[in-house]
Amino acid sequence: MEFGPALYQEFGEARKTRDGYRLAKTISPDLPPAQLSNIWKSVNSAGNWKAPRDDDVKAAIKRGLSSSPARLDGIGHKEIKGWVEVYFAYWQTTGILAEVQQTSSWTNAYEQWKVLINALIQGYNGHEFEAWTIPCLYVAGKHLRLFAMQADENTSVNDTSAAAFQDDFDPELQKHQKLEDCARVLNRVFSLCLSDRAPLEESRKWGLYYIINLLFKTYFKLNATGLSKNVLRILTAGRGDMPDFHSFPKSQQVTFKYHEGVLCFLEENYVEAEKHLTEAWNTCHKDAMRNKELILTYLIPCHLITTHTLPTAKLLEPYPRLQKLFLPLCQCIKKGELHKFDLALQEAEDEFVKRRIYLTLERGRDIALRNLLRKVFIAGGFEPVAKEGDKPVRRTRVPVAEFAAGISLGSEEKVDNDEVECLLANMIYKVSRNLPYPRSFCLGRQGSHGCQD
Amino acid sequence: MMPTWPTPSPPQGVPPSNVYTATYPAPAFTPVQVRQTFGQSYSAPQPSYPTAHPYGPAQSPPPVPTNYQSSAAPPPAADEQPRKKVEWPDSVRFYVQRSFFPANMDPTVSREEMEAKLKETIMRASEDNLLYSIKWETMLLPQQIIKKEREDRAKAIAYSAQVQNPYASTPAHISKKRKSADLEDVANLSITPPWRTGQGARLEDRVTFSKDKRQATEESADNTSKLNKYEKRQKRFNGGYVSTYRSPSPPPGDGPVVGTCEKLEKNYLRLTAPPKPENVRPPRVLKNTLELLKKKWKKDQNYAYICDQFKSMRQDLTVQRVRDDFTVEVYEIHARIALEKGDLGEYNQCQTQLKALYKLGLKGNANEFKAYRILYFIHTANRTDLNSVLADLTPTEKKDKAIKHALDVRSSLALGNYHRFFQLYNETPNMGAYLMDMFVGRERLAALCNICKAYKPDVPLRFVTEELYFESDLEAAQFVSDHGGQDLLQEKDGTIVILTGKAGQTFENHKAKAFARVDIKGQI
């Protein structure tokens, strides 16, 4: 919104109704260049055409805010001063952003926007900003992250100016210089919200999950999942005096649960992961297809491990990408086609690794192996009927050689008996871990063939 | 009153040759000598100068070894002296003793100067009530203090006059000195570990010092107990390099340092201020250092020393921003040595740097170390990083022998295929076996658990030996009994079997423990 009576009016109205989101809109940089340019000029055009001095601009903003047509009951001098800093920083950013398409000076935009977010933090710390205004922090944080990513993209990797003479340097980190910085700023915002001691109704703690989600996104991008864990730990420690998780906006709940689930997933804690992801899945808006797809990307491998079940065609129907990702593998698991499973895994390896599900899906091979064993068993048929009219009896012993043949099916490789026994031993171990040990389900060494009931 | 403080006056009639008859070191004598010296020195500040003074001729400085042989005479005399109120702590006595170790002597510092400095140091400590809180083990020796003061003065001159640093002119001399001192340090590891002598002690000094400042006397007792703990910890680590605390790095200077130091060896000290060029060795010197260290490692296998030296070398490279093939070589060699010694902490630091260096396109054995990296992450069960490694591999790299091996190890474990795993263990390329040794034990336990569940009622011991790649039946049997399975071993029809049917939970607990969190921070 251009700097002028309309903006000041809006500021006053938002303040009167204590509408944080309305207020946040007045500092949104998410505008077409023309509009940004208008804002930039709106301060200049008032005076004669000389670059205005910073103090003059601040004074103008201060006059504007103080004389807002909407009545600013009880606004303190300090609070006005705080907002002047915020709007001043905003105005400066608009100047950069209006031309960023031509200049690509995203780094400048980032730095200037950081001034704004710092002004906000200042405002909360010293200038008596009230908690209802936290949506301003959302807007500031959200765009800080976006600008940081843009800035990093436009910075050449070779710029090693900041390389300290520390023992450890990492070109990876250099690539994300601004985003790293952004993570630090967001962390300050996180502390700002967390440390608020005001009663819950007017606490900045209501901003926690939005900021945490931003932090998660940043840390994931930085490949620093360990830092996300830290956030979770801090959160768990302070859970006592926090608003109930379920009273936060659902969108924030979903994002949070998704990330919490993925973090557990990465630590191979599939039971916890499934819990969180399922909650995210159930809370997710039904039309948020992209989000649902993301949740399923991890929930499906999770489910495969915890319950040994494969996704149904119906579940995957609306998600062509997921179909492509999971269906070939699922087919092989179902049919016990070991060799094809290996090929399918190899085929999509890059994609799986990129999504960090490769190591989990790989374990689907155990299930394929189990299904193969079942097939070999069924193919074994029946014991020869001893007496005419007797009911045929299933053959209960599976020679190791037969299973070995089943494993080699479709591949050139021959597996030796010891290895087959090893695989069988593994399966038996898994079964016996959860169930009381079935006596007749074992490997006999002497005869070198397994038996199965 | 007996002569107490060692004096510089040359004993008449003692020919210099006598000095060299002494045998070093003679610890049986030195403590006594020290006790004698310090038991009286402060009570009798005016030492007399008897002709039969136990010390060698101090007028001819180089070399100035103490004649321990003749110092045997005074002890009885010392014992006759009435006990003074000031009880010198053992640490102080050792400090004095250490100062006069022949190996620590410095030809450029005269005995006279040394003794004066020693006296000054201890007097001041005594006056300030710091005798018990100062870490005498790490305190600079008097000759070192003197040299340092000289150096500082020289530096000041060198800086203002812009002349070459005074040590460049006598490099051979200095380095020879350093070498022997360092070697001696290493030999006396239990007394003065190399990371605690000289400059290396600064960090600790600072840590204790800040405390001293606040409550020097009240806390001294508490302090010592803490220090004891620290010492115990170091002992536990068997004299290896320990670095856990990292102070904040100093702000970067204007540009890379250009080193002028000509010494080959240098102890490591974590920087807390911008490095000084005269303490930094340029790559030209470092190349010689590397050759020297390689030889020393082959000869002495002294890891504490080597690790310390490599760290200082790495630091010199870093502060000069030298990132070339030589840098890679240094890191690679250090990583290999650390691997061999099972120092995972240090290895991991090298590995992390190597990863970055290879990314810069520098030559080296990238594939060898990528393979180690994979094995390392298997050991630490770091799935997130393992995934990142996989993501970074190119198709060509995946075909490399070492990398493929490591990948196969990973997948064999993921699929519980211990048969395959132990085959791979047997054919590990390069030095990967050192890494695999770290987790082969726990995998054996896991496999044993599986076997016990799957094979009933027993399996021949030989089967386990072969499947789990033990060197011998004996080793296998040992492993079984080490993990509570001694009762499961039995002879049956002329062969030894393991009663798998009776194993129950025997190995499960050990397995669970073995797979519990892998602590990688513990560096030896």
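The values are calculated or read from the model by the stated rules, or taken from the named source; none is laboratory data. Worth saying up front: this structure is predicted, and the values here are computed from it rather than measured. Backbone-built Cβ (ideal geometry, glycine too); neighbour counts: all protein chains shown.
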Evaluation of A:Glu402 against (1) under 22 Å from B:His419 (Cα atoms); (2) modelled with pLDDT under 80 (one fails), failing number: (2)
Search result, residues across the range B:269-314 that are of a type in the set (A, V, I, L, M, F, W, C), farther than 19 Å from B:Ala338 by Cβ and either in contact with a helix residue (DSSP H, G or I) (Cβ under 8 Å, 6 or more places away or on another chain) or part of a helix (DSSP H, G or I) (or both): B:Leu269, B:Leu271, B:Val280, B:Val285
Pair list, Cβ under 6 Å, 6 or more apart: the range A:364-387 residue more than 14 Å from every other protein chain (Cβ to nearest Cβ), other residue among the aliphatic types (A, V, I, L, M) and surrounded by fewer than 19 Cβ atoms within 10 Å (Cβ to Cβ): A:Glu383/A:Val393
Residues of the range B:383-399 satisfying the condition of being facing chain A (nearest Cβ under 10 Å) and part of a helix (DSSP H, G or I): B:Arg383, B:Thr384, B:Asp385, B:Leu386, B:Asn387, B:Ser388, B:Val389, B:Leu390, B:Ala391, B:Asp392, B:Pro395, B:Lys398
Among the residues listed as B:Arg314, B:Arg336, the single one being within 22 Å of B:Lys276 (Cα to Cα) and of a type in the set (D, E, K, R): B:Arg314
Matching option when the condition is of a type in the set (Phe, Trp, Tyr) and surrounded by fewer than 18 Cβ atoms within 10 Å (Cβ to Cβ), among A:Phe256, A:Phe216, A:Phe220, A:Phe265: A:Phe220
Among the residues listed as B:Phe421, B:Phe369, the single one being modelled with pLDDT of 90 or more, at the interface with chain A (Cβ under 10 Å from one of its Cβ atoms) and touching a helix residue (DSSP H, G or I) at 6+ places or on another chain (Cβ under 9 Å): B:Phe421
Any pair with Cβ under 8 angstrom, 6 or more apart, that starts in the range B:277-300 at a residue that is assigned by TED's automatic domain parsing to the domain that holds B:Glu329 and basic (Lys, Arg) and ends at one that is surrounded by 14 or more Cβ atoms within 10 Å (Cβ to Cβ) and part of a helix (DSSP H, G or I): B:Arg281/B:Thr289; B:Arg281/B:Met313; B:Arg281/B:Asp316; B:Lys287/B:Phe326; B:Lys294/B:Ile333; B:Lys296/B:Tyr305; B:Lys296/B:Ile306
Pick from the range B:482-503, criterion away from chain A (no Cβ under 14 Å) and surrounded by fewer than 13 Cβ atoms within 10 Å (Cβ to Cβ), ranking: modelled with the highest pLDDT: B:Asp482
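Considering only the range B:400-416, how many residues are within 9 Å of chain A (Cβ to nearest Cβ), farther than 15 Å from B:Glu427 by Cα and either touching a residue at least 24 places away in the same chain (Cβ under 8 Å) or touching a strand residue (DSSP E or B) at 6+ places or on another chain (Cβ under 7 Å) (or both)?
Residues that pass the stated criteria total 1.
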Search result, residues across the range B:265-311 that are within 20 Å of the chain's Cα centre (by Cα), within 11 Å of chain A (Cβ to nearest Cβ) and not hydrophobic (A, V, I, L, M, F, W, C): B:Tyr268, B:Arg270, B:Lys311
Within the range B:332-362, considering residues that are within 14 Å of another protein chain (Cβ to nearest Cβ) and outside any helix (DSSP H, G or I), the one nearest to B:Cys307 (Cα to Cα): B:Leu362
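Could you check the range A:414-430 and list, in sequence order, the residues that are over 41 Å from the mean Cα position of the chain (by Cα) and either at the interface with chain B (Cβ under 7 Å from one of its Cβ atoms) or surrounded by fewer than 23 Cβ atoms within 10 Å (Cβ to Cβ) (or both)?
Going residue by residue through the range A:414-430, those that are over 41 Å from the mean Cα position of the chain (by Cα) are A:414-418, A:421.
Correct list: A:Lys414, A:Val415, A:Asp416, A:Asn417, A:Asp418.
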Filter pass, A:Tyr319 being among the hydroxyl-bearing types (Ser, Thr, Tyr), assigned by TED's automatic domain parsing to the domain that holds A:Tyr258 and surrounded by 19 or more Cβ atoms within 10 Å (Cβ to Cβ): no
Residue satisfying all of: in the range B:404-427; in a helix (DSSP H, G or I), within 15 Å of B:Cys449 (Cα to Cα) and not hydroxyl-bearing (Ser, Thr, Tyr); nearest to the chain's Cα centre (by Cα) among these: B:Leu413
Residue ranges of helices (runs of 4 or more DSSP H) in the range A:339-413 with at least 2 members more than 20 Å from B:Ser412 (Cα to Cα): A:349-354, A:364-379, A:400-408
Qualifying residue in the range B:416-428 (condition: surrounded by fewer than 19 Cβ atoms within 10 Å (Cβ to Cβ) and in contact with a Lys or Arg (Cβ under 8 Å, 6 or more places away or on another chain)): no
Subset of the range A:119-134 (residues that are touching a residue at least 60 places away in the same chain (Cβ under 8 Å) and either touching a Pro at 6+ places or on another chain (Cβ under 7 Å) or surrounded by fewer than 20 Cβ atoms within 10 Å (Cβ to Cβ) (or both)): A:Ile121, A:Asn125, A:Glu130, A:Trp132
Subset of the range B:428-457 (residues that are within 14 Å of chain A (Cβ to nearest Cβ) and outside any helix (DSSP H, G or I)): B:Tyr455, B:Lys456, B:Pro457
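In this structure, does B:Asn367 turn out to be closer than 19 Å to A:Val353 by Cβ, surrounded by fewer than 17 Cβ atoms within 10 Å (Cβ to Cβ) and not assigned by TED's automatic domain parsing to the domain that holds B:Ala446?
Spelling it out, it is not the case that B:Asn367 is closer than 19 Å to A:Val353 by Cβ, surrounded by fewer than 17 Cβ atoms within 10 Å (Cβ to Cβ) and not assigned by TED's automatic domain parsing to the domain that holds B:Ala446.
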Single residue of A:Lys292, A:Lys286, A:Lys275, A:Lys205 found to be among the basic types (Lys, Arg) and under 30 Å from A:Ile121 (Cβ atoms): A:Lys205
Top-ranked residue of the range A:302-327 - restricted to ones that are under 24 Å from A:Ile378 (Cβ atoms) and part of a helix (DSSP H, G or I), ranked as nearest to the other protein chains (Cβ to nearest Cβ): A:Leu304
Any hit, the range A:243-263, residues being aliphatic (A, V, I, L, M), within 14 Å of chain B (Cβ to nearest Cβ) and either part of a helix (DSSP H, G or I) or under 20 Å from the mean Cα position of the chain (by Cα) (or both): yes
Single match in A:Ser203, A:Ser247, A:Ser195 (criterion: in contact with a Pro (Cβ under 8 Å, 6 or more places away or on another chain), farther than 23 Å from A:Ile300 by Cα, of a type in the set (Gly, Ala, Ser) and at pLDDT below 90): A:Ser203
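Give the residue that is farthest from the other protein chains (Cβ to nearest Cβ), with candidates limited to residues of the range B:458-474 that are surrounded by 13 or more Cβ atoms within 10 Å (Cβ to Cβ) and assigned to a helix (DSSP H, G or I).
Filtering the range B:458-474 for residues that are surrounded by 13 or more Cβ atoms within 10 Å (Cβ to Cβ) and assigned to a helix (DSSP H, G or I), the one farthest from the other protein chains (Cβ to nearest Cβ) comes out as B:Asp473.
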